[in-house]
Number of protein chains: 2
Amino acid sequence: MKISEFQDLMKELYFHQDSERKVKGTFIWLVEEVGELANLLKGSNEFELDKISDEMADIVAWVCSLANLLDIDLEKALINKYPNKCSKCNSNPCFCSTII
Amino acid sequence: MKISEFQDLMKELYFHQDSERKVKGTFIWLVEEVGELANLLKGSNEFELDKISDEMADIVAWVCSLANLLDIDLEKALINKYPNKCSKCNSNPCFCSTII
């Protein structure tokens, strides 16, 4: 599935609600999903990959909702920021020294 | 561009660094990007769409890095969570009542 197709699906499913919630309200929902992912990653238990997959999907979905509200083409944004090389060191693979 | 192609590109560019940083270290970088997006959305100034686009791209990029570390197929995760309908109310468009 193309990134643009997924963004379009999010528009089809949620734009009527996103529009009511507006940008800042929608951002808060994105942050909630990041918190839910944190909850699954913290501690020393084995990772629950099914739940983590769902939370990752939710994070991308809310980014798409925000992009739809701001009329941003997320696929274009990704290609523009990551044109087959690192956006900071211009290399592929990245050779930036700031790993940790 | 397919979601899986973008995830593969992130692996090509950053997996050697993500592997050193590990899951929790990589999650912190994701959170930093969410904070940078917050910084661009707060206040009453007009939205700087170019900068916001870059931050959205960074958030998706770090989600891909995390997915690569956990061997999660993000495209599959998205299709599984959003199979052309809302995952909560099973409708398209979504009819969940929790908008705000």
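Towards the positive end of the charge dipole of chain A, with charges on Cβ (+1 Lys, Arg; -1 Asp, Glu), say which of A:LEU74, A:ILE52, A:ASN92 has the farthest Cα.
A:ASN92
Just to verify a number: what accessible area does B:TYR14 come out at with the full protein assembly present, 1.4 Å probe, Å² rounded to tens?
Around 30 Å² of this residue is reachable by solvent.
Report, for B:ASN39, each distance to the same residue's label point in the other copies, shortest first and in nm; define the point 7 Å along Cα→Cβ.
Label point to label point, same position, other copies: 2.8 nm.
With all distinct Cα pairs included, what does the Kirkwood hydrodynamic radius of the protein assembly as shown come out to in Å, to one decimal, could you say?
17.0
Taking just the C-alpha trace of chain B, give me its Rg and Dmax in Å.
In Å, with Rg to one decimal and Dmax whole: 16.0, 44.
Calculate the spin-label point distance for A:GLU36 paired with A:ILE79, positioning each point 7 Å from the Cα along the beta-carbon direction, and give it in nanometres.
3.1
Using the heavy atoms of the protein chains and a 1.4 angstrom probe, tell me the accessible area per residue for chain B in square angstrom.
Here the residues of chain B average 51 Å² of exposed surface.
Under 8 Å for C-alpha pairs, at least 6 residues apart: give me the relative contact order for chain A, rounded to a whole percent.
Relative contact order, chain A: 33 percent.
To the nearest hundred square angstrom, how large is the accessible surface buried between B and A, total for both chains, probe 1.4 angstrom?
In total, this chain pair buries about 5500 Å².
The values are calculated or read from the model by the stated rules, or taken from the named source; none is laboratory data. Quick caveat: nothing in here was measured; it's all calculated off a predicted structure. Glycine gets a Cβ as well: all are built from the backbone with ideal geometry, and neighbour counts include every protein chain shown. We work out accessible area using only protein heavy atoms, side chains counted, and drop any ligands, DNA or RNA first. Shrake-Rupley method; radii C 1.70, N 1.55, O 1.52, S 1.80 Å.
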